[in-house]
Amino acid sequence: MVGETLFHEPVLKKEILAFLIFENARTIFDGTLGLGGHAEAILKQFPRISHYVACDLDQRHLAFARKRLKKWHQKAFFYHANFSEIKKIVQELDIPHPLVILLDLGLCSVHVDDPERGFSFSEEGPLNMAFDSSSGRSCADILNTASERELIQILRDYGEEPRALKLAQKIIARRQEKPFEMTSDLRQVIEENAHPRDQKKTLMRVFQAFRIAVNDELDVLRHTLEKAIETMRSGDRMGVISYHSLEDRIVKQFFVLQSRPETEETEFSRHSVVAPAKAKLLTKKPIVPSEEEISQNPRARSARLRILEKIT
Ligand SMILES: C[S@@+](CC[C@H](N)C(=O)[O-])C[C@H]1O[C@@H](n2cnc3c(N)ncnc32)[C@H](O)[C@@H]1O
């Protein structure tokens, strides 16, 4: 609803302004507009930006941010779209370069704080967990229909849950009695089957795993990085803020790969260069929030920002 008050503190804002955006940048592709906190700061500090292209899967966030950014309506282009559509959107708009891509992954505080979205194990609400609440697939659908193999894969690959097999079996036993509907249904299965000492960590891991599965977050990220680098020209930059090791590993490996020359094994040499590096890493190590930022916004503590610049 437009007119409501929502709050999300933009993470690593100072660092985004100092190290990712630059004076000459003409277009920003903000794949995760959220409430527009980064957007507002960027537009204020860089008046030479002529196109601010912004996507979000969450209609409520888009409506709020659109209002917040009213002052810049002539240069702002809003999309209720997945950021994986970057290539198509940028081509259709025929944007000027240099381009800067910003992805601030995951969910907003608004998501966590709204029990109706089902992201939080400490609040009672429907087991939804979709960033796009108009999309068809919910966490309850997965819990009620996935095979044992799929459940194990979700818990192990997206939650790094050591007792994935046992939990998957317990989920199946529970749904045979009564389908999953509410966050407390999943919470109860976890609490009954995790050691009291590990309960909180297990709750966090399992809720994270299903959130990643509902939104297909890791495959979407891999696909988006590929499309982003294809969209970028020499001098364009991409910055990604990730919040857990699974995301960060994908970003790190992709960025390292792009910043190395492509080599091939031949009869004469094990590593003969077949193509130069496409990009340069601007962050050898990820940028992390300062102590001060973490003390003001504890949710920022796991954030990692990596930046890449296209060179060919
Ligand atoms: C961490 S918040 C971004 C906060 C934002 N930078 C700000 O300053 O307010 C992440 C946002 O990305 C959105 N999101 C997550 N995955 C997405 C995707 N694949 N495509 C588009 N938006 C996505 C979420 O709905 C959420 O609003």
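The values are calculated or read from the model by the stated rules, or taken from the named source; none is laboratory data. Bear in mind the structure is a predicted one, so any value in this text is a computation, not a measurement. Note that we place each Cβ from the backbone using ideal geometry, even for glycine, and neighbour counts take in every protein chain shown.
Residue pairs whose Cβ atoms lie under 9 Å apart, separated by 6 or more positions or on different chains, with the first residue in the range 147-166 and within 16 Å of Gln199 (Cβ to Cβ) and assigned by TED's automatic domain parsing to the domain that holds His195 and the second part of a helix (DSSP H, G or I) and among the aromatic types (Phe, Trp, Tyr), are Leu155/Phe210; Gly159/Phe207; Gly159/Phe210.
Scanning the range 62-71 for any residue that is crowded, with 17+ Cβ neighbours inside 10 Å and closer than 23 Å to Arg306 by Cβ turns up nothing. Filtered by the rule that a residue be more than 14 Å from the ligand (Cβ to nearest atom) and within 19 Å of Arg304 (Cα to Cα), the range 1-40 gives Ala18, Phe19. Mind telling me which of the residues Leu93, Leu99 ends up being under 23 Å from Gly31 (Cβ atoms), away from the ligand (no atom under 16 Å from the Cβ) and either of a type in the set (Gly, Ala, Ser) or within 22 Å of the chain's Cα centre (by Cα) (or both)? The conditions single out Leu99. Quick one: would you say Val274 is farther than 30 Å from Gly125 by Cβ, of a type in the set (Val, Ile, Thr) and away from the ligand (no atom under 16 Å from the Cβ)? Answer is yes for this residue. Here is the figure for the range 230-244: residues that are among the small types (Gly, Ala, Ser) and either more than 15 Å from the ligand (Cβ to nearest atom) or surrounded by fewer than 22 Cβ atoms within 10 Å (Cβ to Cβ) (or both) total 2. Taking the criterion of being more than 13 Å from the ligand (Cβ to nearest atom) and touching a residue at least 60 places away in the same chain (Cβ under 8 Å), the residues of the range 102-126 that qualify are Pro115, Gly118, Ser120, Phe121, Glu123, Glu124. Pairs linking a residue in the range 285-300 that is modelled with pLDDT of 95 or more to a residue that is in a loop (DSSP other than H, G, I, E, B) and of a type in the set (Gly, Ala, Ser), with Cβ atoms under 8 Å and 6 or more positions apart or on different chains, are Val288/Ala303; Pro289/Ala303. For the range 237-280, the set of residues classified as modelled with pLDDT of 95 or more and assigned to a strand (DSSP E or B) consists of Arg237, Met238, Gly239, Val240, Ile241, Ser242, Ala279, Lys280, listed by residue number. Of the residues making up the range 41-83, those that are more than 9 Å from the ligand (Cβ to nearest atom) and of a type in the set (Ser, Thr, Tyr) are Ser50, Tyr52. Which members of the range 92-121 meet the condition of being of a type outside the set (A, V, I, L, M), farther than 18 Å from Pro10 by Cβ and not in a loop (DSSP other than H, G, I, E, B)? Answer for the range 92-121, where residues must be of a type outside the set (A, V, I, L, M), farther than 18 Å from Pro10 by Cβ and not in a loop (DSSP other than H, G, I, E, B): Glu92, Pro115, Glu116, Arg117.
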